[in-house]
1. Please give the helices (runs of 4 or more DSSP H) falling wholly within segment 47-139 in which 3 or more residues are among the hydroxyl-bearing types (Ser, Thr, Tyr) and exposed (fewer than 13 other Cβ atoms within 10 Å of the Cβ).
2. Considering only segment 120-129, state which residues are within 14 Å of residue 79 (Cα to Cα) and in contact (Cβ under 8 Å) with a residue 40 or more places away in the chain.
3. Conditions: (1) part of a helix (DSSP H, G or I); (2) open to solvent by less than 20 Å² (accessible area, probe 1.4 Å); (3) under 19 Å from residue 127 (Cβ atoms). Residue 37 meets all but one. Number of the miss?
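The values are calculated or read from the model by the stated rules, or taken from the named source; none is laboratory data. Everything numeric in this text was worked out from a predicted model, so none of it was measured. Using ideal geometry, Cβ is built from the backbone for each residue, glycine included, and neighbour counts are taken over all protein chains shown. To get the accessible areas, we keep the full protein, side chains included, count just its heavy atoms, and leave off ligands, DNA and RNA. Shrake-Rupley method; radii C 1.70, N 1.55, O 1.52, S 1.80 Å.
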Amino acid sequence: MRAANINPRTGLATDYLNHFNEAIMLLEMIPDMPECAEDFLTWSPLSYCEHFMASNFRARDLAIEAYDTADATIRAEFDNITSTMTSILTAVGSAMREVHQDKTRATLAQQATGWVKPLVALAGGIINGGSEADVETIMAGNQV
């Protein structure tokens with residue numbers, strides 16, 4: 001599993017975080033290149049299994065199997081964080097579709113990046129066997 005970047009202790013693969021890092025990268029570009037908002041708006045949420053099914057990840061079947069058999073507590077904590085990230089990114093996408101001023105979109109992008117980046121780090125910690133994360137504390141510390 002290690003050769004496939006799947007943590008054998010947690011059964012989770014860091015490759016899934018690329019899905020969120022892609023959205024963050026696009027959001028970070030919006031303040032300097034407002035046209036990137038359109039690229040961000042094409043991002044769509046994918047569950048862990050959907051991500052691997054749609055990817056060219058060489059060990060995708062192993063990643064899905066390891067996820068399915070991962071410790072329920074670890075998986076629930078991980079799923080909670082990734083669901084929070086998905087909710088934030090989906091809400092920001094909806095808000096961006098409603099506004100058309102570059103400055104407003106840039107503000108939304110900066111806020112979302114500030115919220116999602118720490119959650120990606122938490123999710124990475126869980127994948128790598130870190131301790132429990134407190135999403136509410138992280139989010140409270142990133143209020144704008």
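1. Numbers: elements: 48-54, 60-68, 72-98, 102-127.
Output list reads 72-98.
2. 120, 122, 123, 124, 126, 127
3. Among (1) part of a helix (DSSP H, G or I); (2) open to solvent by less than 20 Å² (accessible area, probe 1.4 Å); (3) under 19 Å from residue 127 (Cβ atoms), the lone unmet condition for residue 37 is (3).
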